[in-house]
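Encoded as structure tokens, the structure appears first; notes follow it.
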Amino acid sequence: MSIVTVLDITFIADKAEEALGLFDDILVATRAFEGCEGVDVLVQQDDKTRVLVIERWASIEADTAYRAWRASEGPSPLAAYIAAAPTVRFFDPR
């Protein structure tokens with residue numbers, strides 16, 4: 001069963017544009033990861049530091065494997081750009 005993962009990220013104000021450029025590069029590997037069915041990045045219109053990342057995965061196992069792979073790489077290069085700990089939520093599509 002497929003799942004949708006939503007990440008809510010707030011970037012540091014004076015680093016938001018740079019962070020989004022780096023994020024685009026990072027998401028190339030995410031989109032290529034087995035089981036990834038798509039990723040959308042939504043930037044809030046009235047606050048460019050606020051970003052939602054909507055990931056669609058073929059299964060919870062695919063999402064779990066992806067997160068384990070990312071964790072094995074060590075700290076994210078985005079860490080220096082993030083203002084607060086991101087929230088991650090998981091949804092079942094209907």
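The values are calculated or read from the model by the stated rules, or taken from the named source; none is laboratory data. Bear in mind that the values here come from a model prediction, so they are computed numbers and not experimental data. A quick note on method: Cβ atoms are made from the backbone with ideal geometry, for glycine too, and the neighbour counts reach across all protein chains shown.
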Checklist line | Enumeration of residues in the range 38-75 that are touching a residue at least 40 places away in the same chain (Cβ under 8 Å), farther than 17 Å from Asp25 by Cα and of a type in the set (A, V, I, L, M, F, W, C) | finding: Trp57, Ala58, Ile60
Item checked: Segments classed as strands (runs of 3 or more DSSP E), wholly inside the range 1-65, with at least 1 members that are more than 25 Å from Arg94 (Cα to Cα) -> 3-10, 50-57
Checklist line | Check on Ala71, modelled with pLDDT under 95, surrounded by 10 or more Cβ atoms within 10 Å (Cβ to Cβ) and either more than 13 Å from Ile9 (Cα to Cα) or out of contact with any Leu (no Cβ under 8 Å at 6 or more places or on another chain) (or both) | finding: yes
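So, in the range 20-38, how many residues would count as being out of contact with any helix residue (DSSP H, G or I) (no Cβ under 8 Å at 6 or more places or on another chain) and among the aromatic types (Phe, Trp, Tyr)? Steps first, answer last, please.
Of all residues in the range 20-38, those out of contact with any helix residue (DSSP H, G or I) (no Cβ under 8 Å at 6 or more places or on another chain) come to 20-21, 24-25, 27-29, 31-32, 37.
Add one more test, that the residue is among the aromatic types (Phe, Trp, Tyr), and what stays is none.
Summing the residues that are out of contact with any helix residue (DSSP H, G or I) (no Cβ under 8 Å at 6 or more places or on another chain) and among the aromatic types (Phe, Trp, Tyr) in the range 20-38 gives 0.
Only one of Thr64, Thr87 is of a type in the set (Ser, Thr, Tyr), under 20 Å from Thr10 (Cβ atoms) and exposed (fewer than 14 other Cβ atoms within 10 Å of the Cβ). Can you tell me which? Please lay out each step first, then the result.
Details: Thr64 fails: under 20 Å from Thr10 (Cβ atoms).
Thr87 is the lone residue from the list that is of a type in the set (Ser, Thr, Tyr), under 20 Å from Thr10 (Cβ atoms) and exposed (fewer than 14 other Cβ atoms within 10 Å of the Cβ).
Surrounded by 12 or more Cβ atoms within 10 Å (Cβ to Cβ), within 20 Å of Ala80 (Cα to Cα) and either touching a residue at least 24 places away in the same chain (Cβ under 8 Å) or of a type in the set (Lys, Arg) (or both): is that true of Ala19 in this structure?
Answer is yes for this residue.
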Check: Inside the range 41-94, can you point out the residues that are hydroxyl-bearing (Ser, Thr, Tyr) and in contact with a strand residue (DSSP E or B) (Cβ under 8 Å, 6 or more places away or on another chain)?
Finding: Thr49, Ser59, Tyr66, Tyr81, Thr87
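Name the single residue that is nearest to Gln45 (Cα to Cα) among those in the range 1-15 being touching a residue at least 40 places away in the same chain (Cβ under 8 Å) and charged (D, E, K, R).
Just the residues of the range 1-15 that are touching a residue at least 40 places away in the same chain (Cβ under 8 Å), to begin with: 1-13, 15.
Pick out the ones that are also charged (D, E, K, R) and you get 8, 15.
Working: Asp8: 15, Lys15: 17 Å.
Taking the candidates together, the pick is Asp8.
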